[in-house]
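See below for the structure under consideration.
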Amino acid sequence: MRWNDRRRSDNVEDRRGQSSPASGGGNLPLGLIALLLRTKYGFVIIIVLVIASFMGFDFNSLTGETNQAPQRNEQQSALYNEAADFSSVVLASTEDFWQTIFAQAGKQYSYPKLVLYTNSTTTQCGTGTKIMGPFYCPADRKIYLDLSFYNEMKHSLGGGGEFAQGYVISHEVGHHVQHLLGITNQMREKQQMARSKAEANRLSVKLELQADCFAGMWGHFIAGEGRIDESDLLTAIKTAQAIGDDKLQKQQQGYAVPDSFTHGTAEQRKTWFMRGYNSGSIKSCDTFASSSLN
């Protein structure tokens, strides 16, 4: 994927290396708690220390422990900085694309922000952690990404490559588009009226596959600019299939439970990404009106 000569987005918030309030300065060590409980005023002291913990005091320093990760070497830092730069370029390209699409419909596109963080961070949707993978929070209109997910894509999920990484970001931007168009709220309302968990999950699958289709539309856009080739496209397809519910469940537990799917099967994710990629049209991405998702 050719991207170095493209503009960077101004809507990137870099929180890498910052500790979030959720992680605090350090929890009270269990040994310290046990010691204090043996003293006359131990319970009162613990209450005071808990308050201090929420204010950011690092109690691990009392026991000689630390929560700080080893400092990254220069080569690793350079790779992460390049990944951050790349992510900014991808976000900028989604801004250009969706601004055009909204303008054609007589609407104004509102840009989301991309928040880069390390391990955990605060959001208006609760605490975000890297184990959650990339996600979009409609409450603050921000996309959250721990850049280590790119490595996980390559080494654990069987996907990877720059265009595949772009697909991940453009998928989350797709959720932002759904939020702006009112699709997300409509889906949540339908979920509340669902007669079963399985029915609610099927609605979630439709939302996710539509975001995949929107990501495919973005792919169609940059392909038209000559920024990707067939090998790039194959990496995105491979990644879309790698994060299918059926494939992930079989990897984790040896079997799949279709009624529990929330994102779609490997084949469905590929199908809807390619539907957006081949058409470049938002009309082709109406998963909620489609009689079949396959």
(Q) Probe radius 1.4 Å, ligands and nucleic acids left out: which of E172, E162, E230, E82 has the largest accessible area, and how do the rest follow? (A) E230, E82, E162, E172
**Q.** Peptides ranked, highest mean first, by Cβ atoms within 10 Å: ranges 181-187, 89-95
**A.** 89-95, 181-187
Q) What is the Cα convex hull volume of the stretch 195-258 when expressed per residue in Å³? A) 73 Å³
**Q.** D_trans [Stokes-Einstein, Kirkwood Rh over alpha-carbon pairs] for the stretch 130-252, 25 °C, 0.890 mPa s, µm² s⁻¹
**A.** 159 µm²/s
Q. If the cut-off is a Cα-Cα distance under 19 Å, which lysines reach K130, setting aside same-chain residues fewer than 8 apart in sequence?
A. K113, K142, K154
Q) If you place +1 on the Cβ of every Lys and Arg, -1 on the Cβ of every Asp and Glu, and leave all else neutral, what size is the dipole of the stretch 99-194 about its Cα centre, to the nearest 20 Debye? A) 200 debye
Q) Using the Karplus equation 6.51 cos²θ - 1.76 cosθ + 1.60 (θ = phi - 60°), what ³J(HN,Hα) coupling, rounded to whole Hz, does each residue of the stretch 255-270 give in order, writing x for Gly and Pro? A) 7, 10, 10, x, 5, 9, 5, 10, 10, x, 6, 4, 5, 5, 5, 5
Q) Counting only residues 5 or more places away or on other chains, whose amide H sits under 5 Å from the amide H of D146 once H atoms are built in the peptide plane? A) Y117
Q.
Quick check: residue separation of F288 and R6 times 0.36 nm, minus the Cα distance between them. What number comes out in nm?
A. 98.0 nm
Q: Please work out, to two decimal places, the log10 of the ratio I(q)/I(0) at q = 0.22, 0.27 Å⁻¹ from a Debye calculation in which every Cα of the stretch 120-168 carries one identical scatterer.
A: -0.78, -0.99
Q. Cα atoms only, the stretch 253-294: Rg and Dmax in Å?
A. 12.1, 37
Q: With N set to the residue count of the stretch 222-294, report its C-alpha Rg divided by 2.2 N^0.38 Å to two decimal places.
A: 1.25
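The values are calculated or read from the model by the stated rules, or taken from the named source; none is laboratory data. Computed from a predicted structure; not experimentally measured. Because the Cβ atoms are built from the backbone with ideal geometry, glycine has one as well, and the counts that use them run over all protein chains shown. Protein only, heavy atoms only, side chains kept; ligands, DNA and RNA dropped before computing areas. Shrake-Rupley method; radii C 1.70, N 1.55, O 1.52, S 1.80 Å.
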